[in-house]
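Enquirer: Before we start, here is the structure in question, set down as structure tokens.
The values are calculated or read from the model by the stated rules, or taken from the named source; none is laboratory data. Not measured: the values here are computed from a predicted model. Note: ideal-geometry Cβ built from the backbone for every residue, glycine included; neighbour counts use all protein chains shown. With ligands, DNA and RNA removed, areas are computed over all heavy atoms of the protein, side chains included. Shrake-Rupley method; radii C 1.70, N 1.55, O 1.52, S 1.80 Å.
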Amino acid sequence: MFRVSGAAIHSAQMTIRIYNTLAREKQALEPVTPGRVGMYVCGPTVYDYAHIGNARPVIVFDVLYRLLRREFGAGNVKYVRNITDVDDKIIAAADESGEEIASITARTTEAFQADMAALGALPPDEEPRATGHIPEMIALTEDLIAKGHAYEADGHVLFDVSSMADYGRLSRHSQDELIAGSRVEVAPYKRNPTDFVLWKPSTGAQPGWDSPWGFGRPGWHLECSAMSEKHLGINFDIHGGGQDLIFPHHENEIAQSICSHGAGTFAKYWMHNGHLQVEGGKMSKSLGDFIAVHDLLKAHHGETIRLAMLMTHYRRPINWTADGLAQAKSQLDGWYGALRAAGEGDADASSALVEALSDDLNTPLAISALHEAAGAVNKSGTTGGAGALQSGAGLLGLLQLDPDDWFKWQPEGTVGLADGDVDALIEERDAARAGRNFTRADEIRDRLAEAGILLEDGAQGTTWKRG
Ligand SMILES: [Zn+2]
């Protein structure tokens, strides 16, 4: 019933400005290849359900993806988000549960994809798996050894950090600071404490592949350098992830890729989303506030979770609260109510909303533009306003449902009337009213109210929602 048709009719391309962590300032997005954009975002390590902190980069970069597709055309944007399916955390999970690694990674990948789809995130254009790119990782490691940036020691291959003069330029840590701050792991086979693993030996049941350095597996940082190169080339535009990945993960990706391909290669813009706290504290499994998206989706619609996330600007820390979710739910009720009253329209998103998103993804400002659009719809009741509201919300991945479906949605485990029963009772009530049997009509209304169903009698008949 509701379609976003406005996206096709927008006029001139708007300059998108994004905060580049590498430069510590907002910069205009000027793609390496004019008119085309490549974006790589670090994806999940698949050993457990995604928690709400994992969902933040997925939602944030999905909004950017939607904006880029609007501005450059869907066919000119390539979004790559990897799946890390070989990692020590996965091995530990298998050891603990006795479940086969292949089963853990397949099951968890599927759950991740389903959860992110329920949050309204579009699938990326490519979703490469680390285990599908082992030859590329071995080739990159061989190249780094040949160029004097890596060495073999004790079955391991390590990146020689001292071989890169400007190592640390993303995180702006000097090597001395890193050692003093104990942010690096000391190991006997390392020449320097800051050196990091490209390849390590596998024993027993650990997953591994034959390599010039024996049976082993890749380090995590190497995976992203190899997969981004394979799918986006040695020069691409945007690399994203959470702030916690700046060091060591992204710093080491830069070291590997630039030392292999030369200065000026790899990602041009680095974008990082802020941390997530739950009710004012750091989320941790041991404190029992580890919120799996899978569980959250049973109690809240994906759009509610998504809006609650986007109410905070992506670079700021977010405090995840029950209040925030309730606020998001009531805002969506208001917007869907406006859409339901006004009917379908096909106007484009407001320029205020597009400008807000184009300014380093200012989602709080974009949300106020949606409030204004909804206010205009409520005032005028025109379909044009509804189109602008819906098209603008579409850029945020919101208002993607038919309003009737939104109001019928209920949390899992709710005991109540099925949709069909409600419709049948409303029909019976209509018939009673038509026959001027108002006592019966009121009985039905009361029975529905007891079941939490609210009726709204309007010009086009009776609509209902779950209260
Ligand atoms: Zn990565």
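Enquirer: Tell me, what is the percent relative contact order of the chain, built from C-alpha pairs under 8 Å that lie six or more residues apart?
Expert: Details: 745 pairs, mean separation 82.7, N = 467.
With pairs under 8 Å counted, the relative contact order is 18 percent.
Enquirer: Could you rank the peptides 330-341, 90-101 by their average count of other C-beta atoms within 10 Å per residue, with the highest value first?
Expert: Details: 330-341: 19.6, 90-101: 14.0.
Per-residue mean Cβ counts within 10 Å order the peptides as 330-341, 90-101.
Enquirer: How much length, in nm to one decimal, is gained on full extension between R447 and A263, taken as 0.36 nm per residue of separation minus their Cα-Cα distance? Present the calculation step by step, with values, prior to reporting the outcome.
Expert: On the way: separation 184, 0.36 × 184 = 66.24 nm, distance 7.14 nm.
Gain on extension, R447 to A263, equals 59.1 nm.
Enquirer: Would you be so kind as to identify which of A432, M311, L158 lies farthest towards the positive end of the dipole of the chain, taking Lys and Arg as +1 and Asp and Glu as -1 on Cβ and the Cα centre as origin?
Expert: Farthest towards the positive end: M311.
Enquirer: Can you give the charge dipole size of the chain about its Cα centre, rounded to the nearest 20 debye, using +1 on the beta carbon of Lys and Arg and -1 on the beta carbon of Asp and Glu?
Expert: Values: 42 positive and 64 negative charges, 210 e Å.
With Lys and Arg at +1 and Asp and Glu at -1, about 1000 debye.
Enquirer: For segment 42-164, count all C-alpha to C-alpha pairs, find those more than 27 Å apart, and express that count as a whole percent of the total. The partial results should precede the final answer.
Expert: Working: 2779 of 7503 pairs.
Counting every Cα pair in segment 42-164, those more than 27 Å apart make up 37 percent.
Enquirer: Next question, about the same structure. When Lys and Arg each count +1 and Asp and Glu each count -1, what net charge do the other residues less than 13 Å away from P212, Cβ to Cβ, add up to? Please list the in-between numbers first.
Expert: On the way: positive: none; negative: E142, D143, E152, D210.
Cβ neighbours under 13 Å give a net charge of -4.
Enquirer: Quick one: compute the contact order of segment 168-289, relative version, from alpha carbon pairs under 8 angstrom and 6+ residues apart, as a percent. Working shown, then result.
Expert: On the way: 123 pairs, mean separation 24.6, N = 122.
Result for segment 168-289 is 20 percent.
Enquirer: In square nanometres and to one decimal, what's the mean projected area of the convex hull around the Cα atoms of the chain?
Expert: In nm², the orientation-averaged hull projection of the chain is 24.8.
Enquirer: Could I ask something else about it? Positive end of the charge dipole of the chain (Lys, Arg +1 and Asp, Glu -1 on Cβ, about the Cα centre): tell me which of A187, N252, N82 has its Cα farthest that way.
Expert: The residue sitting farthest along the positive end of the dipole is N252.
Enquirer: Would you calculate, for the chain, the mean residue ellipticity at 222 nm contributed by helices, counting each DSSP H stretch of 4 or more residues as -39,500 (n - 2.57) and dividing by all residues, to the nearest 500?
Expert: On the way: 16 runs with 203 residues, N = 467.
Mean residue ellipticity at 222 nm (helix-derived): -13500 deg cm²/dmol.
Enquirer: Could you tell me how many cubic angstrom of Cα convex hull volume segment 419-466 has per residue?
Expert: Working: hull volume 3.1 nm³, N = 48.
Looking at segment 419-466, the number lands at 65 Å³ per residue.
Enquirer: Further, regarding this structure: Helix 220-232 against the longest principal axis of the chain: what's the angle in degrees, Cα atoms only, rounded to the nearest 10?
Expert: The angle comes out at about 70 degrees.
Enquirer: Next question, about the same structure. Quick one: if the Förster radius is 56 Å, what FRET efficiency do D95 and A424 give, using the C-beta to C-beta distance and rounding to 0.05?
Expert: On the way: r = 54 Å, r/R0 = 0.96.
Computed FRET efficiency for D95 and A424 comes out at 0.55.
Enquirer: Then there is this: Once the Cα atoms of helix 322-342 and of the chain are each reduced to a long axis, what angle between those two axes, in degrees from 0 to 90 to the nearest 10, is obtained?
Expert: That works out to roughly 50 degrees.
Enquirer: Please state the relative contact order of segment 419-466 as a whole percent: Cα pairs under 8 Å, 6+ residues apart? List each step's numbers first, then the result.
Expert: Numbers: 32 pairs, mean separation 11.9, N = 48.
Once divided by the residue count of segment 419-466, the mean separation gives 25 percent.
Enquirer: Would you please give the FRET efficiency between T321 and R440, computed as 1/(1 + (r/R0)^6) with r the Cβ-Cβ distance and R0 = 56 Å, to the nearest 0.05? Could you put the intermediate results ahead of the total?
Expert: Numbers: r = 45 Å, r/R0 = 0.80.
E between T321 and R440, to the nearest 0.05, is 0.80.
Enquirer: Further question: Could you tell me the extents of segment 341-409's C-alpha atoms along the three principal axes, largest first, rounded to whole Å?
Expert: That gives 34, 27, 17 Å along the principal axes, largest extent first.
Enquirer: Relative to the longest principal axis of the C-alpha atoms of the chain, give the angle of the C-alpha long axis of helix 383-395, reported between 0 and 90° and rounded to the nearest 10°.
Expert: Result, in degrees: 20.
Enquirer: About its Cα centre, how strong a charge dipole does segment 419-466 have in debye, to the nearest 20, once Lys and Arg get +1 and Asp and Glu get -1 at the Cβ?
Expert: About 160 debye.
Enquirer: Give me the accessible area per residue for the chain, probe 1.4 Å, as a whole number in Å². Working shown, then result.
Expert: On the way: 20400 Å² over 467 residues.
Accessible area per residue, the chain: 44 Å².
Enquirer: Which of the trypsin sites (Lys or Arg not before Pro) found in segment 185-244 are in a DSSP loop and have at most 13 neighbouring Cβ atoms, other than their own, within 10 Å?
Expert: Values: sites: K190, R191, K230; in loops: K190, R191.
Passing both the DSSP loop test and the Cβ count: R191.
Enquirer: Need one word for segment 31-278: rounded, prolate or oblate. Basis is the Cα gyration tensor (sqrt eigenvalues a ≥ b ≥ c); a/c below 1.5 gives rounded, then a/b vs b/c decides. Walk me through the intermediate numbers first.
Expert: Numbers: a/c = 1.59, a/b = 1.19, b/c = 1.34.
Cα axes put segment 31-278 in the oblate bin.
Enquirer: Taking the simple approach of a point 7 Å from Cα along Cα-to-Cβ for both Q113 and D404, what is their distance in nm?
Expert: Placing both labels 7 Å along Cα→Cβ, they lie 3.2 nm apart.
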